[in-house]
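A short reminder: the numbers here are calculations on the coordinates, not readings from a lab. Everything numeric here is computed off the predicted structure, so don't read it as measured data. Ideal geometry is used to build each Cβ from the backbone, glycine not excepted, and the neighbour counts take in all protein chains shown.
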Amino acid sequence: MQKRKPICEILAIIVDNANGKKIIKMLNEQNVNLQIATMGSGTADSNFGEIFNLEGNAKDVLLSMINLNDKKNIMDSLSNIFEEGKVKGVAFTLPIKSAMSNVVEMLLSSSLGGKNE
C-alpha cells in the first residue's frame with residue numbers, strides 16, 4: 001500500500017474568553033469550513049499564562065482542519081491578529097498521521113470542490 005502524503009492538519013487555538021469570534025471570522029475568511037469551538041477553563045498557574053500571553057482562566061478553544069496549502073496564509077493571519085494585540089492567545093498545528101486522515105481528506109476535498117486532488 002502506497003503511503004499518502006498528508007494534506008491537512010489540526011489547527012488548535014486557545015484565546016481569552018469571548019475572543020474566539022474574532023478568530024472564527026478570520027478562519028471563515030480563509031475558507032476554513034470545518035471548525036469546533038468550545039469554552040475552556042485554564043488550570044495552569046499564572047506564570048504559564050504569561051508565557052503564552054493568556055490572562056485569567058476562561059478560554060475559547062478552537063479546533064479546525066486546515067489544508068496544508070493554506071497553512072502559511074492562515075498562520076500569518078493569526079500572527080497579525082496576535083501581534084496587533086487584538087487577541088491574546090496561542091495557536092499550533094498537529095499533523096494527522098492515521099487512517100482517519102483519508103476520511104478527512106475526502107471531507108476536505110468534497111467540501112472544497114475537489115481542490116485537494
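So which of Lys5/Lys25; Lys5/Lys71; Lys22/Lys88; Lys5/Lys59 end up more than 22 Å apart by C-alpha? Don't jump to the answer; show the numbers that get you there.
Values: Lys5/Lys25 29 Å; Lys5/Lys71 15 Å; Lys22/Lys88 11 Å; Lys5/Lys59 34 Å.
Table pairs above 22 Å Cα-Cα are Lys5/Lys25; Lys5/Lys59.
For a protection proxy built on the mean count of beta-carbon atoms within 10 angstrom, sort 81-92, 13-24 highest first, please. All intermediate terms of the calculation are to be shown ahead of the outcome.
Details: 81-92: 14.8, 13-24: 19.1.
Top to bottom by mean Cβ count within 10 Å: 13-24, 81-92.
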Pop a pseudo-label 7 angstrom from the Cα along the beta-carbon direction at both Glu29 and Asn73 and give the gap in nm to one decimal. 1.2
Neighbours of Ile74 by Cβ distance under 11 Å: Lys/Arg at +1, Asp/Glu at -1, summed charge -2
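Once the Cβ-Cβ distance between Lys5 and Val61 is put in as r, and R0 is 35 Å, what FRET efficiency do you end up with, to the nearest 0.05? Before the final figure, lay out the partial values.
Numbers: r = 29 Å, r/R0 = 0.81.
Efficiency computed from Cβ-Cβ geometry: 0.75.
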